[in-house]
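These notes are about the structure you will find just below.
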Amino acid sequence: MTANWAAFATAEPDLAGTVEKRFGAYTHHVLATLRKDGSPRTSGLEVRFLNGELWLGMMPDSLKALDLRRDPRFALQANPGEGTGMGGGDVRISGRAIEVDDVATKAGYVEEVEPPEPFHLFRTELTEVVRTYVEDDTYLVVQVWTPGAPLRTIKRT
């Protein structure tokens, strides 16, 4: 089961707001894709939350774009920033990236983002969103959301 960003934000607005804020704190984040041989590849990436979707834009024929065309599964981790503070916690999103070729959709994205052209554009279908943070300097708290299931919160000491 998958959901787009709008469905996640409707189901868990507080967590979605925290995740967007963490991704908004820095420009570059880390994308994990799968190479031809199945081994992982990590790459830097900018992301955008627009019109109820989480968008991944990439340079033409970049290895990460070619990876996603071959196998759409991805994991995306927000830039933790400097030091160990990680304000808002560590956030990760997993799912599938679907390439968008529709001219009108790409034109709308260009209007908002002004990326260098040409480019690949992928919209995302989420399979999991995870936030990990420390509460009261005592607990490690892990929040896990998957489509169709309630938010799970795990506290560890």
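The values are calculated or read from the model by the stated rules, or taken from the named source; none is laboratory data. The model shown is predicted, which means the values in this text are computed figures rather than measured ones. FYI the Cβ positions are ideal-geometry reconstructions off the backbone, even for glycines, and counts take in every protein chain you see. The area values use the complete protein model at the heavy-atom level, side chains included, leaving out ligands, DNA and RNA. Shrake-Rupley method; radii C 1.70, N 1.55, O 1.52, S 1.80 Å.
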Q: Please build a GNM for the chain, connecting alpha carbons under 10 Å apart, and tell me which residue among L50, L31, L68 fluctuates the most.
A: L50
Q: Report the trypsin sites (Lys or Arg not before Pro) located in region 1-76 that are in a DSSP loop and have at most 14 other Cβ atoms inside 10 Å of their Cβ, or state none.
A: R35, K36
Q | Carbon and sulfur %, accessible surface of region 93-157 computed with the full protein complex present, 1.4 Å | A | 47
(Q) I need to check one value: relative contact order of region 1-154, counting alpha carbon pairs closer than 8 Å and at least 6 residues apart, in percent. (A) 24
Q: Report the net charge of residues surrounding L68, where surrounding means a beta-carbon distance below 9 angstrom and charges are Lys +1, Arg +1, Asp -1, Glu -1.
A: +2
Q: Calculate one ³J(HN,Hα) per residue across region 71-77 by plugging θ = phi - 60° into the Karplus curve 6.51 cos²θ - 1.76 cosθ + 1.60, and present them in order as whole Hz with x for glycine and proline.
A: 9, x, 5, 8, 10, 10, 10
Q. Once the Cα gyration tensor of region 1-139 is found, what semi-axes does its equivalent ellipsoid get, as square roots of 5 times the eigenvalues, in whole Å, sorted largest first?
A. 25, 17, 15
